[in-house]
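None of the figures in this text is laboratory data; all of them are computed from the coordinates on show. Please read these numbers as outputs of a predicted model, since none were measured by experiment. Ideal geometry is used to build each Cβ from the backbone, glycine not excepted, and the neighbour counts take in all protein chains shown.
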Amino acid sequence: MVTSFCFADGVPSTSAPSAAAHAPGDWDSCHACEATYRHRALAKGEKLFCARCGELLDVARIETLRQDGLALALTGLVLLVLANVFPVMTFDVAGAEQSNHIITGVLGLIGQNYAPLAVLVFFSAILAPFLYLLLGSYVLTARCLGQVWPFDFKLYRVIEWLAPWNLVPVFAVACLVAVVRLDLLGTVTWKTGAIFIVLLSLCCLLLEQLRASAGQESDARLRPQTDPRVKRQRAVALVAAGIILYPFANLLPVMTMSVTGEVAALTVWGGVLELYHVGLWPAAVIVFLASMCVPFLKLASLVWLLWMDGKPEFRVGRTKLFRVLETVGTWSMVDIFLLSVLVAVGQLGTLASVQTEPGALFFAAVLVCTLFAAANYDVRMIWREAKG
Ligand SMILES: [Zn+2]
């Protein structure tokens with residue numbers, strides 16, 4: 001059963017934030033459009049949507065969601081350790097063999113003097129997922145026990161911030177594309193670590209799904225505290241930087257591949273064409289969508305959203321568009337992860353080598369700009385009237 005709940009605009013949300021859960025009768029306001037509403041006991045399967053903007057506000061049986069979330073977070077932590085301990089794949093060219101762990105790509109990028117890329121890969125494939133799962137386990141354990149442990153709300157805020165940086169599923173796709181590409185040049189064999197990466201990806205995707213279906217699980221203290229106008233200025237600056245860097249990211253080569261004497265400098269588009277020409281069009285489509293379309297559409301959408309601030313048109317659509325941007329935006333990391341995997345296994349001296357090129361730095365910079373721009377875009381601006 002799905003219910004829309006009437007908002008009662010103008011009624012102040014005066015109640016002090018409760019412990020871990022809302023009591024029926026508590027006033028609260030929608031995180032997106034700030035319309036106020038009153039909590040009430042929900043029937044089994046019932047969902048409460050904001051009547052003004054359509055955001056999911058509350059769901060019945062939040063306890064079950066928390067227990068499922070805790071089980072997934074703890075499983076994820078174990079899988080993350082296993083995924084990092086075991087090698088992911090081995091690459092064999094003319095008898096010379098190289099295997100890689102997730103960290104091998106990070107070290108390879110440092111070795112090629114591309115420390116910023118190494119930091120980005122390390123953070124989004126190892127550190128952010130680890131913190132996300134660890135803090136998630138902490139917060140959810142407390143909430144499952146019906147308690148509030150120290151720093152609960154601060155940590156919940158950190159988890160919200162970390163969520164778009166937990167890119168293990170994107171890393172898994174990058175491994176797949178890397179194998180498809182390397183298979184043309186030598187023999188690739190999957191290793192145990194790959195299984196754990198796949199399982200960990202599923203775990204993380206399910207957790208995000210749960211987080212999305214939990215509505216406004218938190219309470220008033222979770223709302224962003226920075227002035228939306230300050231955040232807007234930051235978002236504008238980051239989008240502008242992203243637009244300036246975007247052409248360089250696409251025109252400059254991101255890597256040079258040399259296999260048994262054949263050297264090829266590849267741009268992002270060149271990589272797509274190469275995959276297409278050898279008949280691997282599914283991989284070509286993935287890289288094209290993730291590396292070229294997503295960053296472009298994300299920048300264009302952010303420009304439109306910022307332009308529309310204070311205007312009354314398409315408010316519900318703009319809110320939905322922003323939610324989509326938050327989830328699909330990170331898929332453009334595929335190319336950076338792909339590079340890290342290729343750098344990791346492409347260290348076979350004269351037989352096979354992969355060298356990072358400056359285009360990759362521009363590409364990563366565009367990505368970081370769009371990620372932070374989206375993080376700084378405050379969805380509440382859509383619902384606020386323009387100041388005369
Ligand atoms: Zn709303």
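Considered as a group, the residues in the stretch 29-76 that are under 28 Å from the mean Cα position of the chain (by Cα) and among the acidic types (D, E) include one that is nearest to the ligand (Cβ to nearest atom), and that residue is E55.
Set side by side, the residues V148, V93 differ, and just one is in contact with a helix residue (DSSP H, G or I) (Cβ under 8 Å, 6 or more places away or on another chain) and either surrounded by 17 or more Cβ atoms within 10 Å (Cβ to Cβ) or in contact (Cβ under 8 Å) with a residue 24 or more places away in the chain (or both), which is V148.
Restrict the check to the stretch 113-132 and report whether at least one residue is more than 28 Å from F372 (Cα to Cα) and within 21 Å of the chain's Cα centre (by Cα). No, there is no match, as no residue in the stretch 113-132 is more than 28 Å from F372 (Cα to Cα) and within 21 Å of the chain's Cα centre (by Cα).
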